[in-house]
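Read through the structure below, which is laid out as structure tokens, and then see the notes.
Every read-out reported here was derived from the displayed coordinates using simple, explicitly stated rules and does not represent laboratory data. Model, not experiment: these values are computed from the prediction. Backbone-built Cβ (ideal geometry, glycine too); neighbour counts: all protein chains shown.
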Amino acid sequence: MKLIFVYNADSGSIDTLIDIGHKAISPQTYQCNLCSLTFGLVSEHKQWKKFREESDTEMEFLHRDEFESKYDRKFDYPVILKQNEPEDDLKVTISQAELSKIQTLDELILKVDQLK
């Protein structure tokens with residue numbers, strides 16, 4: 001089983017700088033709650049990094065453009081998907097709407113832990 005985390009942001013240096021600026025200037029209108037919960041302005045939160053490194057669950061993290069290129073699928077982002085076997089279809093486990101309601105990193109970790 002693999003969990004696929006897809007950020008509502010594109011990859012690349014310019015996109016990263018735009019995201020950092022948006023988070024710093026207007027965090028309340030930033031469109032990626034998954035990004036906000038797991039990353040500060042420039043680096044991954046230590047608690048999240050520890051959680052994912054110690055987890056027995058395989059996790060893949062992709063930006064929106066990377067995901068669509070690799071899987072040729074589109075969802076409402078951010079989203080957390082589940083894939084039981086490499087050939088299985090992707091299943092939404094935590095939707096954009098659900099992610100937008102999560103207020104803390106502890107809450108996200110608890111929800112992700114329950115997916116196992």
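Give me the net charge for the shell around Lys82: Cβ to Cβ below 12 angstrom, other residues only, Lys and Arg +1, Asp and Glu -1. Value of the local net charge: -2.
Amide H contacts under 5 Å for His45: Phe39, Gly40, restricted to partners 5 or more places along the chain or on a different chain, H placed in the peptide plane at 1.01 Å from N.
Taking amide hydrogens as placed 1.01 Å from N in the peptide plane, the amide H of Val79 sits under 5 Å from those of Val6, each at least 5 positions away in sequence or on another chain. Remark: for residue pairs Lys70/Lys101; Lys2/Lys46; Lys74/Lys116; Lys46/Lys116, the C-alpha separation exceeds 26 Å in Lys70/Lys101.
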